[in-house]
Structures are given as C-alpha cells and as structure tokens.
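Asker: Below are the structure tokens for one structure; questions will follow.
What follows is calculated from the coordinates using simple rules that are stated; it is not laboratory data. Everything quoted here is computed from the prediction, not taken from an experiment. Positions of Cβ are backbone-derived with ideal geometry, glycine not excepted, and every protein chain shown enters the neighbour counts.
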Amino acid sequence: MRIINVDLYDYFKVKKPEGAVGRLTGYISDVSREINAERKRPSMLVIPGGGYAYTSAREGEPVALRYLGYGWNAFVLYYSCAPVKYPYALAEAIMAMNYIRLNAAEYATDENKVAAVGFSAGGHLAATLGSYYDSPEAAEIFKSQVNARPDAVVLSYPVITSGEKAHRGSFDNLCGADNAELQKKLDIANLVNEKSSPAFIWATRDDACVPVKNALVAACAYEEAGVPFSLHIWGKGCHGISLDDLTVFGGDGSIVAASKSIPEWVSLSIEFMAELGIKVE
C-alpha cells in the first residue's frame, strides 16, 4: 500500500483562504503481477463528519482502510470547516474528484468508478457533491477540469434537511446562522435531481443527534427524482457510530452498544455499487 498526501489548493494552484484545509490523503493498493497487473480499481472518496466544525478521525482513515480491504483505492478528504463557510468545502470535494480522475492512470484507478462516502455533515457534503457537482458558486473558487459527479454516494447517518428535523449546528456552521435562504437552498431534498448520483443511505433509529427522518427525507427525494437508491435503517446505534468496532471505538476495550449487524453496511454498500457496475474486476 502506498500513502499519498496532497494539498489540493497547492496542487491546483488555487488561492487558499485563511483557515482553509483542503487536504487529501490517499491509500493506494499495490500493483502486483501475481494478482492482476492490468487491473484498474474503483476508488472511494471518504468524507468524514463533524458538524462542519471539524473532521472526525473515526470516519476517515479506518473507513478508507475498510474499503481498501475490498480491493478499492481510497482517499480521505479533510475539508474546510467553520469559520470557513460555503462553498469552500464543496469546492474542495470537487477538487478531490478532479485529483482522483486526473491521476487515475498513476494510481491504477478506473476514472469511471469513483464513489464518495460521507458521514453526518460529511454525508451532507457527499450528497451535495452528488447533486450539485456543477455548483456555480464552487466554480468561482475552482473550475472543474473533469466531470466531478461521483458515480455513487454512500450516505451514512447523513445531515439532509434544513427544515424541522435539521441538525441546526451543521447548517449554521456551513451557511451562517442568519442565512436562512442559503440553508434552504442546500437542503438535499432541494438539490436532488434526475442527474444525481445513485445513493446508498443508512442510519439508526436511535440517533439522538441527526434524527432518522433525515435519511427518510433523502430516500424520498431520490425516489421522486427517479434516481436509484438503497435505504437501510438499524434500530440501535448512536450518532457517529462509523464502523462500530475497535478500529473506531473502545479505548477501554468497549464498543458502543448497537445492532450487531451495523458493520455490514460496508459490504452492503459494496453490493449496491456492484449492481451499478462499480466493482473490482
């Protein structure tokens, strides 16, 4: 495995505002003639959550390594959070998609098989990327050189609605507490359209931070737009549960109490994407 670190602003020669991050860490599978030297792997862009206040460690590298174990390449995006506001995080996600596709040959990646997985606020960013990849606001920061639309998105206990069941802190950090018009615009239900990326959505009913209705609203939006989706709701599980194993929890040897099958969301997402033709071949 090869690990690469890229400052997206430096790479694309884009002026970085004060406080911005825009860093990409890639985990690249080794090319081996013993296995298949000609193989082009799918890639996963991993977008951690954190309420647009920070990026969570347990939703970054551990998730990337899990997809790596399924034969994918994986890239973790550390994006700009408050006080940096929209559209910088989206512009950085678009830069990340550009970087992966423009360097596909170097990393033995199939540029037509690049998905994104996001958690909580990162799920909002992944869903925004999947529907608003051609954002004119983001284009003022970075003009995409390739199609930045992910071939699929995996939305993990995602922040979706800016309405009644909103995770208000995420929208306030992203848009500003006094910008109700922008918050409404960036409600995922208002962004999803017939060209949106197919979506695998999962959440837990017990989530006390981002209500499960967010996932249900997302599913309804994709259904109404005629976009392929899969929805999975588990009963027990706290917010930020990620992989729900000792790679993300358990400094004292414990794992957060939850439905035992929650870690299966990764393999289920792999199956969903394989049905779309996004798979290791």
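Asker: Total Lys pairs in segment 2-275 closer than 24 Å by alpha-carbon, pairs eight or more apart in sequence or interchain only?
Answerer: Lysine pairs meeting the criterion: 27.
Asker: What number comes out for the charge environment of A64, summing +1 per Lys or Arg and -1 per Asp or Glu over other residues with Cβ under 14 Å away?
Answerer: Once positives and negatives cancel, what remains is +3.
Asker: By how many nm would the segment from N5 to V212 lengthen if fully extended, with 0.36 nm per residue of separation less the alpha-carbon distance?
Answerer: Extending this stretch completely gives an extra 71.1 nm.
Asker: In nm, to one decimal, how far is the R39 label point from the E224 one, both placed 7 Å along Cα→Cβ?
Answerer: So the two model labels end up 4.2 nm from each other.
Asker: Go through segment 48-145 and name the GluC sites (Glu not before Pro) that are in a DSSP coil and have 13 or fewer other Cβ atoms within 10 Å of their Cβ.
Answerer: E106, E140
Asker: As an exercise, find the ratio Rg/Rh for segment 1-92 from alpha-carbon atoms, using the Kirkwood inverse-distance average for Rh.
Answerer: Details: Rg = 14.8 Å, Rh = 14.2 Å.
Over the Cα atoms of segment 1-92, Rg/Rh equals 1.04.
Asker: Let me ask you something else. How would segment 102-251 be classified by its alpha-carbon gyration tensor: rounded, prolate or oblate, with rounded meaning a/c under 1.5 and the a/b versus b/c comparison settling the rest?
Answerer: Values: a/c = 1.55, a/b = 1.17, b/c = 1.33.
Taking the square roots of the gyration eigenvalues as a ≥ b ≥ c, segment 102-251 is oblate.
Asker: For the residue pair N193 and K260, what label-to-label distance in nm results when each label sits 7 Å from Cα along the Cα-to-beta-carbon direction?
Answerer: 4.6
Asker: While we're looking at this one, here's another question. What net charge is computed for the residues neighbouring D7, neighbours being all others with C-beta under 13 Å from the C-beta of D7, Lys and Arg scored +1, Asp and Glu -1? Before the final figure, lay out each step's value.
Answerer: Working: positive: K13, K15, K16, R23; negative: D10, E92.
Every neighbour counted, the sum reads +2.
Asker: For the chain, what is the percent of antiparallel DSSP beta bridges, rounded to the nearest 5?
Answerer: Antiparallel bridges: around 30 percent, rounded to the nearest 5.
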